[in-house]
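A short write-up of the structure that comes next.
The values are calculated or read from the model by the stated rules, or taken from the named source; none is laboratory data. Note that the structure is a prediction, hence the values are computed from the model and not measured. Positions of Cβ are backbone-derived with ideal geometry, glycine not excepted, and every protein chain shown enters the neighbour counts.
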Amino acid sequence: MEKPLEMEQIRTLEDRDCTSSDWSKVYVAEPFDPTRFRDVSFDGKVRIGDLSGMVCDMAGLEKPCGIFHASLMDVTIGNHVRIHNVGVQISRYDIADGVCIENIGTMQTLPGATFGNGVEVRVLNEAGGREIILFNELTSQTAYLMCLHRYRPKMIEHLTSMIREYVESMRNDRGQVGTGATICATPEITNVNIGARVVVNGVNRLVNGTILSEPEVVTTIGAGVVAKNFIVGEGSTITDGVILDRVFVGQGCEIGKQFSAENSLFFANCEAFHGEAVSIFAGPYTVTHHKSTLLIAGLFSFYNAGSGTNQSNHMYKLGPCHEGKVMRGSKTGSFAYMMWPCVVGPFSVVLGKHTSTFDTGDYPFSHLEARPDGKCNLLPGLHLTTVGTVRDGIKWPKRDRRKGKKKRDLITFDVFSPYVVGKMIKAGDTLGELLEKTDKNIQEVSVGGAIVRRLLLRTARKYYRNGIEMYLLDKIVQRIEKALDSKNTKPESFFQSDPHAVYSNEWIDLGGLLMAQDRLFTLQDEIANGTIRTIEELSRAIQAIHASYAPDEWIWIRAACLKVFGIDLDRATKQDMVGILENLAKIKSKFLNLVIADAEKEFGEFSHCGFGFDGSSGEAMEDFRRVRGTYEDHFFVQEMKRQVQDVQKHIETLLTRLNECDL
Amino acid sequence: MSNVAERIKKVVAHVLKVDPGRITEDARFVEDLGAESIQSVELVAAFEEEFDIEMDEEAALSVKTVGKAKEFISALL
């Protein structure tokens with residue numbers, strides 16, 4: 001409990017070059033140790049805790065707690081805090097225990113600050129109309145609703161009102177520095193809340209923002225960063241000359257190497273280096289690593305931008321009003337260019353300079369290559385069995401850097417899901433119709449503004465068919481296995497669905513969270529009609545949708561199974577199940593073997609190009625072997641081959657168990 | 001059989017845009033005739049249409065030369 005200073009204590013402080021406009025407003029904790037103060041100016045109401053002991057600085061060096069060479073105005077300081085060298089002053093801040101602040105300029109809160117909350121960010125459409133309001137609890141899902149579903153004005157109105165209410169709850173005349181935070185060598189911090197254990201080191205300027213943290217998850221803002229109107233999530237790192245203005249950075253993100261961003265949102269586990277982002281919605285796992293890469297006016301997630309990737313949103317007519325959507329899991333090759341508006345379907349690869357509009361949103365795993373005339377050549381489904389797709393699917397969940405208790409963005413990692421497979425079914429049907437209708441003398445057909453070689457319609461349909469069958473059979477076999485494990489001998493209960501499951505033919509990717517479309521409609525209605533009234537209620541509703549993924553997926557699979565195979569799982573016999581198991585063994589092995597074959601290309605003769613410099617051709621092989629290794633020894637190839645064997649063994653075991661089972 | 005060979009040659013020359021003279025039995029599609037990834041897919045599709053057959057992708061992986069394509073396709077006819 002702090003007490004006013006006694007006369008003797010004031011005299012001692014004055015002997016140590018300390019001053020105050022009114023000593024009666026300075027409160028200190030007992031025991032008071034004046035040697036912990038030197039050259040401190042106190043103004044307004046200042047409360048100071050127990051400054052005994054040591055605290056770690058930025059480099060981890062233990063230094064004495066205390067306040068030295070600083071000007072404090074209307075500040076509360078916790079226990080065991082060190083403040084050293086404040087060039088201008090610290091004003092209107094509550095500084096928690098164990099904080100170390102060294103070599104800073106100004107750290108101030110101005111009346112009515114909201115710390116980045118309430119800032120409007122012009123996302124996706126640079127000309128406006130899809131503004132997102134920043135707030136600490138912003139999630140990829142809330143932002144998606146706010147940004148993309150403007151056709152539900154009542155929902156937007158209520159959502160805006162909920163967020164505004166939250167923003168008002170954040171309004172405060174005093175800023176906060178959380179327990180154990182370290183702040184060093186930063187000339188200006190104005191209206192910024194700094195969470196517990198946050199590290200702010202060598203930052204140029206932080207204005208109007210919040211740096212969130214959790215006790216075990218360090219958030220770091222580093223050298224040369226200039227950030228205005230921002231919120232940074234737990235466990236993220238922003239460093240090395242990054243410039244941010246009107247930007248939300250979610251949890252576990254890494255932004256560095258002079259990247260600049262404005263009017264943009266980066267959700268969980270995004271990485272952005274060197275390049276530039278303007279008005280983008282970077283959903284979870286959006287990654288851009290290279291110079292000359294501009295991401296503008298686009299929606300991305302699970303995305304990897306090649307160097308020099310670029311888009312245009314401006315036709316020099318009505319301003320920068322065009323926007324693009326690149327659905328989850330896609331990539332753009334080096335110097336890939338797209339002239340918005342365009343829609344790229346999930347898990348697709350875009351190469352070359354596309355100067356015409358296309359919408360391949362319903363064609364997942366596609367290859368989109370620009371022709372010399374700028375039009376898009378589309379090969380649907382090609383990337384179903386490419387190594388990159390399989391590797392990506394494995395790596396994303398492993399690379400989740402969100403280590404705290406609270407994972408704000410809800411993510412469905414599955415590559416194959418009702419969302420993607422539903423699109424494959426639709427695409428397969430469309431391609432089949434085109435194949436039937438198109439005369440053999442016609443070389444090319446148009447699909448969503450892209451061009452598909454007529455010859456490849458059948459190939460693409462086959463790709464999709466394989467993918468659809470593999471997914472469905474895999475899921476059905478999982479149910480068979482589960483039933484066998486539980487000694488369930490009633491075939492009718494093998495494939496039962498959850499009575500609370502929701503069926504929709506269409507599925508949605510709501511900012512990384514996959515859901516049945518009816519779940520979305522219900523959510524939208526509940527926001528619009530006021531059933532959901534607060535951000536907390538919204539968060540709980542979205543979490544409930546996340547939790548319903550598996551039962552909703554299963555009810556969808558049952559319906560798809562009837563459509564694709566003509567099998568009603570409620571009436572499936574033992575013989576049907578045997579057939580399903582045998583088919584899965586074949587189709588999964590085939591899929592894995594095609595992936596292995598794709599990997600083999602990386603070891604082919606052309607891949608040796610440039611190896612064995614200054615040596616013989618034999619030495620080129622040796623150089624390649626030593627640098628790249630061999631196809632046979634490559635861990636990914638071995639893993640895929642192991643999986644082929646495992647699938648066969650697993651299915652054989654299940655067949656034996658099924659045959660032994662008295663159904 | 002020679003008819004099959006001629007038709008294969010015609011398809012390969014058309015899809016890969018190579019001089020028919022280079023399309024020998026030993027010629028490898030990728031290394032000798034320059035078939036890139038997408039062209040390989042087109043080639044299989046073109047064979048399927050030309051001969052009205054269905055080529056299993058996994059089985060077709062073993063077809064690396066013009067001669068092998070002739071054997072593979074002939075077996076399906």
Scan the range A:422-438 and report the pairs whose first residue is under 17 Å from A:Phe365 (Cα atoms) and whose second residue is in a helix (DSSP H, G or I) and of a type in the set (Gly, Ala, Ser), with Cβ atoms within less than 6 Å and a gap of 6+ or a chain change. A:Met424/A:Gly467; A:Leu431/A:Ala460
Of the residues in the range A:352-387, those that are over 29 Å from A:Ile587 (Cβ atoms) and outside any loop (DSSP other than H, G, I, E, B) come to A:Lys353, A:His354, A:Asp359, A:Ala370, A:Cys376
Could you list, in sequence order, all residues of the range B:26-59 that are of a type in the set (A, V, I, L, M) and at the interface with chain A (Cβ under 10 Å from one of its Cβ atoms)? B:Val30, B:Ile38, B:Val41, B:Leu43, B:Val44, B:Ala45, B:Ala46, B:Met55, B:Ala59
If I filter the range A:414-422 for residues that are of a type in the set (S, T, N, Q), within 14 Å of chain B (Cβ to nearest Cβ), part of a loop (DSSP other than H, G, I, E, B) and surrounded by 18 or more Cβ atoms within 10 Å (Cβ to Cβ), do I get at least one hit? no
Filtered residue count, the range A:147-196, keeping only those that are outside any helix (DSSP H, G or I) and surrounded by fewer than 21 Cβ atoms within 10 Å (Cβ to Cβ): 15
Of the residues A:Gln258, A:Gln251, which is of a type outside the set (Val, Ile, Thr), outside the structural domain of A:Gly512 (by TED's automatic domain parsing) and under 20 Å from A:Tyr144 (Cα atoms)? A:Gln251
Taking B:Ala13 as the residue in question, decide whether it is surrounded by fewer than 20 Cβ atoms within 10 Å (Cβ to Cβ), more than 10 Å from chain A (Cβ to nearest Cβ) and at pLDDT 95 or above. yes
Inside the range A:324-342, can you point out the residues that are touching a strand residue (DSSP E or B) at 6+ places or on another chain (Cβ under 7 Å) and touching a residue at least 40 places away in the same chain (Cβ under 8 Å)? A:Met327, A:Arg328, A:Lys331, A:Trp340
Residue list for the range A:583-604, filter: of a type in the set (D, E, K, R), part of a helix (DSSP H, G or I), under 31 Å from the mean Cα position of the chain (by Cα) and more than 9 Å from every other protein chain (Cβ to nearest Cβ): A:Lys588
Which one is surrounded by the fewest Cβ atoms within 10 Å (Cβ to Cβ), of the residues in the range A:213-235 that are of a type in the set (Ser, Thr, Tyr) and in a loop (DSSP other than H, G, I, E, B)? A:Ser213
Restricting to the range A:423-442, give me the number of residues that are within 12 Å of chain B (Cβ to nearest Cβ) and either of a type in the set (A, V, I, L, M) or in a helix (DSSP H, G or I) (or both). 1
Kindly indicate whether any position in the range A:124-141 is among the hydroxyl-bearing types (Ser, Thr, Tyr) and surrounded by fewer than 21 Cβ atoms within 10 Å (Cβ to Cβ). no
Return the total of residues in the range B:12-48 being in contact with a Phe, Trp or Tyr (Cβ under 9 Å, 6 or more places away or on another chain) and more than 23 Å from A:Lys440 (Cα to Cα). 3
B:Ala69: touching a helix residue (DSSP H, G or I) at 6+ places or on another chain (Cβ under 7 Å), more than 10 Å from chain A (Cβ to nearest Cβ) and buried (at least 16 other Cβ atoms within 10 Å of the Cβ), yes or no? yes
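Given the options A:Leu456, A:Leu473, A:Leu513, name the one that is of a type in the set (A, V, I, L, M, F, W, C), closer than 30 Å to A:Leu368 by Cα and within 14 Å of chain B (Cβ to nearest Cβ).
Exactly one of A:Leu456, A:Leu473, A:Leu513 is of a type in the set (A, V, I, L, M, F, W, C), closer than 30 Å to A:Leu368 by Cα and within 14 Å of chain B (Cβ to nearest Cβ), namely A:Leu456.
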Only residues that are more than 14 Å from chain B (Cβ to nearest Cβ) and either touching a residue at least 12 places away in the same chain (Cβ under 8 Å) or surrounded by 14 or more Cβ atoms within 10 Å (Cβ to Cβ) (or both): list them for the range A:606-618, please. A:Phe611, A:Gly612
Here is a list of conditions, (1) within 14 Å of chain B (Cβ to nearest Cβ); (2) out of contact with any Ser or Thr (no Cβ under 6 Å at 6 or more places or on another chain), and A:Val445 meets all of them except one; can you say which number that is? (2)
Total residues in the range A:467-506, condition surrounded by fewer than 15 Cβ atoms within 10 Å (Cβ to Cβ) and not in a loop (DSSP other than H, G, I, E, B): 5
Quick one: B:Ala46 ticks every box in (1) touching a Leu at 6+ places or on another chain (Cβ under 7 Å); (2) over 22 Å from A:Glu600 (Cβ atoms); (3) at pLDDT below 90 bar one, so which box is it? (3)
Sort through A:Arg642, A:Arg558, A:Arg571, A:Arg625 and tell me the only one that's away from chain B (no Cβ under 14 Å), surrounded by 19 or more Cβ atoms within 10 Å (Cβ to Cβ) and of a type in the set (Lys, Arg). A:Arg558
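For the condition of a type in the set (S, T, N, Q) and under 21 Å from A:Ala597 (Cα atoms), what is the one hit in A:Ser366, A:Ser356?
Sole residue among the options that is of a type in the set (S, T, N, Q) and under 21 Å from A:Ala597 (Cα atoms): A:Ser366.
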In this structure, does A:Arg391 turn out to be within 13 Å of chain B (Cβ to nearest Cβ), in contact (Cβ under 8 Å) with a residue 40 or more places away in the chain, over 20 Å from B:Leu61 (Cα atoms) and surrounded by fewer than 22 Cβ atoms within 10 Å (Cβ to Cβ)? no
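Before we move on, is A:Gly361 under 23 Å from the mean Cα position of the chain (by Cα), closer than 14 Å to A:Tyr303 by Cα and either more than 14 Å from chain B (Cβ to nearest Cβ) or surrounded by fewer than 20 Cβ atoms within 10 Å (Cβ to Cβ) (or both)?
No; evaluated as a whole, the condition is false for this residue.
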Let me confirm something: among A:Gly388, A:Gly393, A:Gly329, A:Gly428, which residue is on the phi > 0 side of the Ramachandran plot and small (Gly, Ala, Ser)? A:Gly329
